[in-house]
Amino acid sequence: MKTSLPQAPSAVRWIVRTLEDAGYETWAVGGAVRDALAGRPGGDWDLATRARPSAIRSLFRRTVPIGIEHGTVGILTRGGTLIEITTFRRDVETDGRHAVVEFAETIVEDLARRDFTINAIAWHPLREELYDPFDGAGDLERGVLRTVGRAEDRFREDYLRILRALRFAGRFELEIQAVTWQAARSLVEHLPELSPERVREELLKILDDDPAPSRALHLYAASGTLRVLYPELEALRNARPAVWARCLTVLERLPPGRWVLRLAALLRPLPSEETAAVLVRLRLSNAATDEVARLADADPMPPPGTPDADVRRWLSRHGAERLNDLARLELAAARGGGKAEARAVAASWARARSILRGRPPLSVSDLALDGRDLIRLGMKPGPRFGDILDELLDWVLEDPARNERSLLEERALEIASETGETASAGERDG
């Protein structure tokens with residue numbers, strides 16, 4: 001079928017020409033083709049070819065063995081871009097979590113194993129030819145999402161396709177075909193059989209890529225997926241529907257590309273122990289888990305009129321580095337409450353930034369005194385050291401001018417004397 005898509009990058013055309021000159025049929029497939037047909041900015045270009053990995057590696061000087069066992073090789077272009085190319089494949093055996101595949105000879109075999117018609121479209125960058133045996137382009141135009149072949153079979157081959165259906169339908173504003181929707185809903189109980197990492201990546205793609213993630217999350221709820229994978233959020237939706245609706249609205253006001261911020265907004269209405277339970281199941285990195293938890297569980301920003309000392313304590317408690325993200329979360333929520341509420345958040349944000357410009361001490365490490373100084377003052381190292389330093393920090397947060405060594409030493413001795421922590425003056429001098 002002749003059609004018109006944006007011209008593929010020169011590197012893609014060079015790879016296709018090299019392979020076809022060597023006798024190997026090669027097509028562009030995947031998201032770049034689908035997105036171009038949907039009128040959206042294209043993503044990475046992926047290629048499918050009849051050439052086996054050994055032949056691909058012999059034809060190109062700079063290759064990366066991304067997944068040789070699955071037939072995928074990366075080709076490094078002159079400009080340093082990595083383009084993935086995969087040998088045509090067909091499924092041999094599936095079990096709902098992964099497939100055993102073997103190499104195939106034709107593009108139609110490769111497309112027939114794909115999940116949805118909108119993803120089973122191939123584009124020939126040299127001939128400008130669209131190969132669309134399952135009418136995926138027509139489905140995009142009609143606004144329909146349906147599987148390649150029998151829906152229940154496709155989902156039983158890999159239950160992750162249920163989550164992909166919800167993500168694609170939300171992202172491209174598609175209506176899921178009735179038979180496909182019924183099959184997805186009937187099989188959601190199998191989703192926990194998937195690895196947590198695969199489940200997590202589907203959610204993060206919604207939060208990271210979709211300008212309007214609430215559409216996909218509504219489908220998560222309607223299909224039963226929210227109940228099966230994230231019961232804490234399902235309970236929130238049922239018990240406090242207005243809070244759930246507001247939460248989704250806040251997500252819409254936060255920009256794509258900031259999944260940490262959006263995930264924190266999604267979890268923010270939950271009690272901290274429920275937030276922790278969701279994060280444990282998502283199996284994020286330790287750093288990401290900590291950051292999301294801190295943002296989700298943070299106290300509201302101090303309102304205008306709060307004493308400077310309390311603003312400093314808030315900054316100390318949550319970290320000055322999180323001020324901007326926490327302010328963005330509150331501003332996104334405040335925009336639903338009218339201009340006055342948004343102005344109050346903006347004023348609080350500006351005031352906190354102004355206080356930070358004075359570089360006040362906000363952590364124990366900012367104090368002009370440390371544990372070695374406490375030892376020099378005659379105190380014995382132990383758990384009480386941390387308590388003393390914390391008390392000193394709170395004293396300095398009240399008035400940053402107190403962050404002088406002599407003043408801190410005097411105050412430390414006062415604190416320690418209340419519990420008998422100091423040694424005698426003779427012991428300190430001796």
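The values are calculated or read from the model by the stated rules, or taken from the named source; none is laboratory data. Small disclaimer: the values here were computed from a predicted structure and weren't measured. No Cβ is skipped: glycine too gets one built from the backbone with ideal geometry, and neighbour counts run over all protein chains shown. These area figures cover heavy atoms from the full protein model, side chains too; ligands, DNA and RNA do not enter into them. Shrake-Rupley method; radii C 1.70, N 1.55, O 1.52, S 1.80 Å.
Rg over Rh for segment 28-70 works out to 1.09, both radii taken from alpha-carbon positions and Rh defined as the Kirkwood radius. In whole angstrom, segment 1-160 maps to an equivalent ellipsoid with semi-axes of 25, 20, 13, each derived as √(5λ) from the alpha carbon gyration tensor and ordered largest first. In terms of overall dimensions, the C-alpha atoms belonging to segment 232-281 reach 27, 26, 13 Å along their principal axes, ordered largest to smallest. In the chain, the longest principal axis of the Cα atoms and the axis of helix 323-334 are about 70 degrees apart. Quick check: the angle from helix 405-417's long axis to the longest principal axis of the chain, C-alpha only, nearest 10 degrees? Result, in degrees: 80. Rounded to the nearest 20 debye, the dipole magnitude of segment 171-232 is 160 debye, with +1 charges on Lys and Arg beta carbons, -1 on Asp and Glu beta carbons, and the Cα centre as origin.
Write down Rg/Rh for the chain, rounded to two decimals, with Rg from the C-alpha atoms and Rh from the Kirkwood relation over Cα pairs. Could you put the intermediate results ahead of the total?
Numbers: Rg = 29.0 Å, Rh = 25.8 Å.
My calculation puts Rg/Rh at 1.12.
Near Thr72: Cβ cut-off under 12 Å, other residues only, Lys/Arg at +1 and Asp/Glu at -1. The net charge is 0. The ellipsoid equivalent to the alpha-carbon distribution of segment 1-80 has semi-axes of 22, 14, 12 angstrom, derived from the gyration tensor eigenvalues as √(5λ) and listed largest first.
Using only side-chain charges placed at the Cβ, +1 for Lys and Arg and -1 for Asp and Glu, the dipole size of the chain relative to its Cα centre rounds to 1200 debye. Taking Cα centre as origin and charging only the Cβ of basic (Lys, Arg, +1) and acidic (Asp, Glu, -1) residues, the dipole magnitude of segment 174-318 rounds to 220 debye.
Adding -39500 (n - 2.57) for every DSSP H run of four residues or longer, then dividing by how many residues the chain holds, sets the calculated 222 nm ellipticity at -16000 deg cm²/dmol. Rolling a 1.4 Å probe over the protein heavy atoms leaves Val292 with an accessible area of roughly 0 Å². At q = 0.19 Å⁻¹, what base-10 log of I(q)/I(0) does the Debye formula yield for segment 308-352 when every alpha carbon is treated as an equal point scatterer in vacuo? Debye intensities relative to I(0), on a log10 scale: -0.57. Going 7 Å from the Cα of Asp44 in the Cα-to-Cβ direction, what parts of segment 171-205 have a backbone nitrogen less than 16 Å from that spot? Only 201-202, 205 pass the distance filter.
Each residue of segment 158-164 is assigned a 3J(HN,Hα), and the resulting list reads 7, 5, 4, 4, 4, 5, 5 Hz, derived from the Karplus form 6.51 cos²θ - 1.76 cosθ + 1.60 (θ = phi - 60°), x at Gly and Pro. Extents of segment 117-196, largest first, come to 44, 24, 22 Å (Cα atoms, principal axes, whole angstrom). Taking amide H positions as modeled 1.01 Å from N, with prolines and chain starts lacking one, the residues under 5 Å from Phe116 and 5 or more places away or on another chain are Val148.
Given their separation in residues at 0.36 nm each and the Cα-Cα distance between them, Lys380 and Asp394 gain 2.9 nm when the chain is fully extended. Taking the charge dipole of the chain about its Cα centre, with +1 at Lys and Arg Cβ atoms and -1 at Asp and Glu Cβ atoms, the residue from Ser406, Gly138, Ala350 reaching farthest to the positive side is Gly138.
Each of Leu226, Cys247, Pro211 was placed along the dipole of segment 174-260 (beta-carbon charges, centred on the mean Cα), and the one lying farthest toward the positive end is Cys247.
In this structure, the amide hydrogen of Ile176, modeled 1.01 Å from its nitrogen in the peptide plane, lies closer than 5 angstrom to those of Leu145, counting only residues at least 5 positions away or on a different chain. A DSSP coil position with no more than 12 other Cβ atoms inside 10 Å describes the following trypsin sites (Lys or Arg not before Pro) in segment 4-87: Arg61, Arg62, Arg78. Normalised by residue number, the volume inside the convex hull of the Cα atoms of segment 238-375 is 147 Å³ per residue. Each 5 Å bin from zero up to the one holding the largest Cα-Cα distance in segment 150-291 carries the following percent of pairs: 2, 10, 20, 24, 22, 14, 6, 2, 0.
Cα centroid separation, segment 160-205 to segment 391-411: 56 Å. Structure remark: mean-square fluctuation, Gaussian network model of the chain, C-alpha springs under 10 Å; the largest value among Leu331, Leu407, Leu397 belongs to Leu407.
Per-residue counts of other Cβ atoms within 10 Å, averaged by peptide: what ranking do you get for 377-383, 211-217, highest first?
Details: 377-383: 13.4, 211-217: 19.6.
Per-residue Cβ counts within 10 Å, averaged per peptide and sorted highest first, yield 211-217, 377-383.
In bins 5 Å wide, starting from 0, what share of all Cα pairs of segment 151-212 does each bin hold, as a percent? Here the calculated profile for segment 151-212 is 3, 18, 29, 24, 18, 7, 0.
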